[in-house]
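Structure first, commentary second.
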Amino acid sequence: MIQGYYYSTKRSSIISGRSNKINRSLDSAILGSCDSYLQQTERSTIISGGTSIIGKSTVSSTIVTSCNATIIGSGNCIVSSSYSTVIGKGLTLSSEENVVNVSCLKINSVPVTSTTGASTCMLLHDTDRYVRYRTLGAVASEVIDLFSTARTATASAIAADTYLLSLPISGYIKSGTYYKIYFTATKTGAGVASPTFVVRIGTNGTTADSAALTFNTSLAQTALTDIGRFEIDLTVTNYGVSSIILGTLHISHSITNGGFLPSGRAVAMLTVNSTAVNLTTAGLLLGISVNPGAAANWTIQNATITTLNPGP
């Protein structure tokens with residue numbers, strides 16, 4: 001059929017229609033339509049529509065091998081549409097090639113590759129199953145910030161519980177997320193108390209935040225100057241409103257006859273597990289406070305918190 005006009009076709013088969021206008025096809029099969037205008041196709045199967053305009057109200061239709069076509073509508077299944085313009089919402093795309101300017105595309109269980117866009121962009125499949133183009137600069141910034149996050153701080157002449165630094169963690173936690181708190185310190189000959197290290201989680205970023213893990217070393221210092229290294233490893237074992245965090249404190253220092261640790265102790269290790277912690281609260285900060293004990297004089301240097309395997 002060449003240069004024909006079809007109006008209100010219902011449950012019909014149209015084969016090899018060329019240069020045709022098809023208006024309001026319902027539950028129809030249209031095969032081999034070329035250079036055609038199809039308007040208001042509903043629940044139809046359109047196969048091999050080349051150089052076609054497939055109507056401004058196509059709904060719930062299956063369109064197979066549409067080349068150089070304009071497809072407008074919603075709720076359609078489009079298979080192997082090459083060099084086409086697709087406008088609408090609720091569309092399922094399978095084997096779509098050379099689509100330009102797709103700002104937000106949702107793909108279910110389909111590997112994504114892209115050869116389009118600028119060389120400084122990449123296509124990311126986010127956890128919400130949407131695919132978005134992002135510049136490499138933006139991606140690099142987020143990777144540095146989230147996947148190897150670090151903050152530094154110093155504190156001088158501390159002798160009481162002092163909050164050193166914190167790291168924003170809300171939205172970036174899952175079971176298996178790991179944090180490392182690290183700092184070095186020097187001490188004067190003053191202070192012989194046992195120091196305490198507290199991992200705090202809350203929204204304040206101060207000692208007002210709850211103590212999630214408390215490391216009471218019960219190891220008295222001695223009245224000698226010293227240089228020490230302090231590391232705390234934390235692992236979230238089950239993320240949720242009742243999360244458990246496993247913690248290990250490791251202390252090492254430069255002299256063997258006292259200082260940060262009792263005489264004869266070169267290193268010390270202590271393990272502590274948290275009680276149930278709600279890690280789903282918005283705006284959470286993970287921080288560390290240190291209490292060297294009465295009359296002590298510590299100077300904290302190079303305090304850092306890093307994270308690996310952040311969620312979700």
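Please treat every number below as a calculation from the coordinates, not as lab data. Everything quoted here is computed from the prediction, not taken from an experiment. When we count neighbours, we look across all protein chains shown, and the Cβ atoms used for this are built from the backbone with ideal geometry, even at glycine.
Taking the residues in the stretch 245-266 that are surrounded by fewer than 17 Cβ atoms within 10 Å (Cβ to Cβ) and aliphatic (A, V, I, L, M) as candidates, determine which candidate is nearest to ILE181 (Cα to Cα).
LEU246
Those residues that are closer than 21 Å to ILE169 by Cβ, part of a strand (DSSP E or B) and among the small types (Gly, Ala, Ser), I need them from the stretch 260-312; list them, please.
Within the stretch 260-312, GLY287, SER289, ALA303 meet the criteria.
When you scan the stretch 202-239, how many residues do you find that are under 16 Å from THR177 (Cβ atoms) and either loosely packed, with under 15 Cβ neighbours inside 10 Å or touching a residue at least 60 places away in the same chain (Cβ under 8 Å) (or both)?
Qualifying residue count, the stretch 202-239: 6.
Of all residues in the stretch 265-312, which are under 20 Å from SER254 (Cα atoms), touching a residue at least 24 places away in the same chain (Cβ under 8 Å) and among the hydrophobic types (A, V, I, L, M, F, W, C)?
Within the stretch 265-312, ALA268, LEU270, VAL290, ALA296, TRP298, ILE300, ALA303 meet the criteria.
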